[in-house]
Structure formats: structure tokens, C-alpha cells
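Down below is the structure, laid out as C-alpha cells.
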Amino acid sequence: MFITFEGPEGSGKTTQLQRVAARLREGGVDCVTTKEPGGTPLADQIRAILLRSENTMDRLTELLLYAASRRQNVVEVIRPALERGAVVLCDRFTDATLAYQGFGRLLDLDRLRTLNDWVTDSLVPHLTLLFDIEEEKGLRRARSRNATATKDEGRFEAEDVRFHRRVREGYLALALAEPDRFVTIDASGSIDEVFARTLAVLEQRAPEIVR
């Protein structure tokens, strides 16, 4: 099973992925975690370029770097894990490209879908958990988290609220269009509260892996 964790900045999806992975491993599930951008040595180098706050780049350059990172992650990590029967949890995947580069950067969605299909060999998650939070609240969380972080972590947090509003609205539109794959989870509240909501979704949508 391939499960992706999506959401705007400050949604807490990474923390929830880590908690879910720990819960699955406690139950004896072969669980692989990965992230985008990143997930392999080469993709992590691309991640450092993409997230470095001092790096300014053309939006197509940004898109293609994400695509290169994704390809390497699919080939080296995701596909091999799925082929051996593992559960793969990925922090962002193709929907992030549609939300950030499509709705956020205003690139053509159809072209982005074609690119996504090309670099992933048309790999689609079985389940996508969308952690939804109001954009201003999420930004406050993200900027507070990164206040003492390195300069490699803050390029998207520097975007204005209109960009992040488009990203959030894009995610919600994607979820509305694919209700069989997406489940939207309220990301407000404490980490424990959101984790309880997340487990409830997994118990309903993927009971075979939650033990």
C-alpha cells in the first residue's frame, strides 16, 4: 500500500507520518518512509537546492528539480518497497506539484499531470491524507518552527499569504475531485488530537495495516 501525506505549510503532516510509521512498525508492518523532495542521496542534494531560502529560481526550473527528485525517489525507494509488499508512507508526492506549482505558481495543470505521469510511470497513491489548516494559521506555525532553523528550510514560508491561499484551495479542489483516494483531516488542534483523527481514517480506509 502506498499512502501519501499532503498539506500546506504548517499542517503537521510530517509529524503525523512519523507517528503513523511508528504505530505500524509496532504492529509488525514492514513500513518504509520517504519524503519529497528527497528520499535518496541524490534527491536530498536536490532538496537542499530547492529549499534554500537564498536560492531564487524560475518556476520551470523549480518544477523540473522537483520532478528529478521524484523520479529518483520512485526508482530507488518507492517502487522497490511496493514490489516487496511493504507499506510506503511518503511526505508529499505528485499532488504537491499540482498544488504548489499548479495552483500556487499558476503553471498549466494538464502539463503538470503529464509530467507527473512520465516521471512516476503513472504511479498513483492508494490513499492520500490531506492535512488541512487555514493558511494564515499554518504559516504562523511554519514560520515559528523555522525561526531558528537553517537557511535550507524556509523558501516557501517566505511566499505571501495569497500564494499559500492558492495552494490550500488547490489541495481542497484536488480532494473534491478524487474522493475515493483523498481523505481530508482537520489539522487544527494538538498533535495528539490530529493523530487520533488520522488513526480513525486509517482504521476505516486501511484496516489491514492498522493492528
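The values are calculated or read from the model by the stated rules, or taken from the named source; none is laboratory data. Fair warning: this is a prediction, and the values are worked out from it, not measured in the lab. Positions of Cβ are generated from backbone atoms using ideal geometry, with glycine treated the same way; all protein chains shown enter the neighbour counts.
Within region 107-139, work out how many residues are assigned to a helix (DSSP H, G or I) and surrounded by 14 or more Cβ atoms within 10 Å (Cβ to Cβ). If you could, list the steps in order and put the result at the bottom.
From region 107-139, those assigned to a helix (DSSP H, G or I) are 109-120, 135-139; that's our starting set.
Next, from what is left, pick out any that are surrounded by 14 or more Cβ atoms within 10 Å (Cβ to Cβ): 109, 112-113, 115-116, 119-120, 135, 137-139.
So the count comes out to 11.
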Hits in region 167-199 - residues which are buried (at least 18 other Cβ atoms within 10 Å of the Cβ) and either among the small types (G, A, S) or within 13 Å of L139 (Cα to Cα) (or both) = V167, R168, G170, A175, A187
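Restricting to region 38-53, name every residue that is assigned to a loop (DSSP other than H, G, I, E, B), within 22 Å of F2 (Cα to Cα) and not polar (S, T, N, Q).
To start, the set of residues in region 38-53 that are assigned to a loop (DSSP other than H, G, I, E, B) comprises 38-40, 52-53.
Those still in the list that are within 22 Å of F2 (Cα to Cα) too: 38-40.
Within region 38-53, G38, G39 meet the criteria.
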Right, C90: closer than 23 Å to V167 by Cα, buried (at least 20 other Cβ atoms within 10 Å of the Cβ), in contact with a strand residue (DSSP E or B) (Cβ under 6 Å, 6 or more places away or on another chain) and at pLDDT 95 or above or not?
-> yes
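Being under 18 Å from the mean Cα position of the chain (by Cα) and more than 26 Å from V167 (Cα to Cα) is the requirement here; does V20 meet it? Quick ask: steps written out before the conclusion?
Values: under 18 Å from the mean Cα position of the chain (by Cα): yes; more than 26 Å from V167 (Cα to Cα): no.
Here the answer is no, as V20 does not meet what is asked.
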Filtered residues of region 78-93 (kept if at negative phi and within 8 Å of the chain's Cα centre (by Cα)) = C90, D91, F93
Enumeration of residues in region 166-200 that are over 18 Å from V124 (Cβ atoms) and more than 17 Å from the chain's Cα centre (by Cα) | S188, G189, S190, I191, D192, E193, A196, R197, L199, A200
Flagged pairs (Cβ under 8 angstrom, 6 or more apart or on separate chains; first in region 152-181, under 21 Å from D108 (Cβ atoms); second among the small types (G, A, S) and assigned to a loop (DSSP other than H, G, I, E, B)) are Y171/G7
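Filtering region 1-17 down to residues that are assigned to a strand (DSSP E or B) and not aromatic (F, W, Y), which residue is nearest to the chain's Cα centre (by Cα)? Break it down stepwise before answering.
Kept after step one, since they are assigned to a strand (DSSP E or B), are these residues of region 1-17: 2-6.
So of that shortlist, the ones also not aromatic (F, W, Y) come out as 3-4, 6.
Numbers: I3: 10, T4: 6, E6: 4 Å.
The residue in question is E6.
Could you say whether any residue in region 145-160 is modelled with pLDDT under 95 and assigned to a helix (DSSP H, G or I)? Steps first, answer last, please.
Taking region 145-160 and keeping what is modelled with pLDDT under 95, we get 145-160.
Remaining after also requiring assigned to a helix (DSSP H, G or I): 145.
Among the residues of region 145-160, at least one is modelled with pLDDT under 95 and assigned to a helix (DSSP H, G or I), which makes the answer yes.
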Cβ pairs under 7 Å, 6+ apart, first in region 72-87 and of a type in the set (V, I, T), second in a loop (DSSP other than H, G, I, E, B) and buried (at least 21 other Cβ atoms within 10 Å of the Cβ) = V77/G39
For region 4-26, which residues satisfy the criterion of being surrounded by fewer than 18 Cβ atoms within 10 Å (Cβ to Cβ) and of a type outside the set (D, E, K, R)?
-> T14, T15, Q18, A21, A22
Quick one: is V29 at pLDDT 95 or above, in a loop (DSSP other than H, G, I, E, B) and either over 16 Å from the mean Cα position of the chain (by Cα) or surrounded by 18 or more Cβ atoms within 10 Å (Cβ to Cβ) (or both)?
-> yes
Any residue in region 54-68 that is of a type in the set (G, A, S), buried (at least 22 other Cβ atoms within 10 Å of the Cβ), within 18 Å of E6 (Cβ to Cβ) and modelled with pLDDT of 95 or more?
-> no
